[in-house]
Amino acid sequence: MNIQSCARCGYGVYPAEKINCIDQTWHKACFHCEVCKMMLTVNNFVSHQKRPYCQVHNPRNNTFTSIFETPINVNVKKQSEAISEVKYREEGEKFKSVFHWDVKSRDMEAMQKMQQISQKTYHDVCNESKSWYRETIPQLEMIKIAQTQKSLSDVEYKQGHKEHVSKFSSVMDTPEILHETAGGQFMSDFKYPEEYEQQRGKGSFPAMITPAYQIAKRANELASDVKYHQRYEK
């Protein structure tokens, strides 16, 4: 099997990737434009000096025809240059002799002055308004925040009051208070059984003349006297 070499890379070309154009053998990947490297086919390439090109970069499109300079062509060229120079000078002289008055410049100056005056007036009015009015208008959000804070403070105050009411303060027990408490307890301990026995009819003598009752009564009187004196001293 005869394997031909590629016209661009020089490697062997197998039949599956073979293109025969411009009397040469190419790989399909090697057959591209010399300028932009665009892949070409048999239908869209242009040959120039046995090299492939695309339609855009065809060197034949950039060729021009040269003309020999005859005496007639040289004379025509000189006359055209002289005419253009004379025409340019005539137009320059006409432009110098004409008086130009730019109306737009005056209008622009007047507009700029008006803008400056309006800005100055605006700043003066703004400064005057700041001098006599300092307060800000309350917004809806600020009003809602103030109401929420007030309600929270009311709730906290009520909770603190309830806690303060529920609490109690302990007082140190003095000897007089302890003596009074012991006397009361002693009297209640003796009085309850005696009343119970009296109701049942088993008592040997009346409860009012028992020694225990007399002692409890005396202790209660002493305790009440001490408590009365304490209150009086306060």
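The values are calculated or read from the model by the stated rules, or taken from the named source; none is laboratory data. In this text the structure is predicted, and so the values were computed from the model without any measurement. Quick reminder, even Gly has a Cβ in these numbers, built from the backbone with ideal geometry, and neighbours come from all protein chains shown.
With the requirement that a residue be free of Cβ contacts under 8 Å to residues at least 24 places away in the same chain and assigned to a strand (DSSP E or B), what does region 27-56 give you?
Answer for region 27-56, where residues must be free of Cβ contacts under 8 Å to residues at least 24 places away in the same chain and assigned to a strand (DSSP E or B): HIS27, HIS32, MET39, VAL46, HIS48, TYR53.
Are there any pairs with C-beta distances below 7 angstrom linking a residue in region 202-223 that is at pLDDT 60 or above to a residue that is of a type in the set (Phe, Trp, Tyr), with the two at least 6 apart or on different chains, and if so which?
From region 202-223, the pairs are ALA212/PHE190; TYR213/PHE190; ALA216/PHE186; ALA216/PHE190; ALA219/PHE186.
Go through region 39-60 and count every residue that is surrounded by 10 or more Cβ atoms within 10 Å (Cβ to Cβ) and either on the phi > 0 side of the Ramachandran plot or modelled with pLDDT under 70 (or both).
Within region 39-60, residues that are surrounded by 10 or more Cβ atoms within 10 Å (Cβ to Cβ) and either on the phi > 0 side of the Ramachandran plot or modelled with pLDDT under 70 (or both) number 1.
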